[in-house]
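Here the structure is laid out as structure tokens; the discussion comes afterwards.
The values are calculated or read from the model by the stated rules, or taken from the named source; none is laboratory data. A quick note: this is a predicted structure, and the numbers were derived from the prediction, not measured. We place every Cβ from the backbone using ideal geometry, glycine too, and count neighbours over all the protein chains shown.
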Amino acid sequence: MTTRNPLLMNRTTIMFNELYPELAVSVGAYEKLMETEIFG
């Protein structure tokens, strides 16, 4: 059960991207992969 708060997600993501750009890219790719696996 995941509820996504766009504002919170956005601010966290921006902060995260500034701190860990490479890691953020990896996590983003991983999330896309999971979404494809589940919903694809």
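Does LEU7 count as modelled with pLDDT of 80 or more and surrounded by fewer than 11 Cβ atoms within 10 Å (Cβ to Cβ)?
no
Against the test of being loosely packed, with under 10 Cβ neighbours inside 10 Å and either at pLDDT 80 or above or of a type in the set (S, T, N, Q) (or both), the options THR12, THR2 yield a single qualifying residue, THR2.
In summary, GLY28 fulfils each of the numbered conditions (1) exposed (fewer than 10 other Cβ atoms within 10 Å of the Cβ); (2) at pLDDT 80 or above with the single exception of condition (1).
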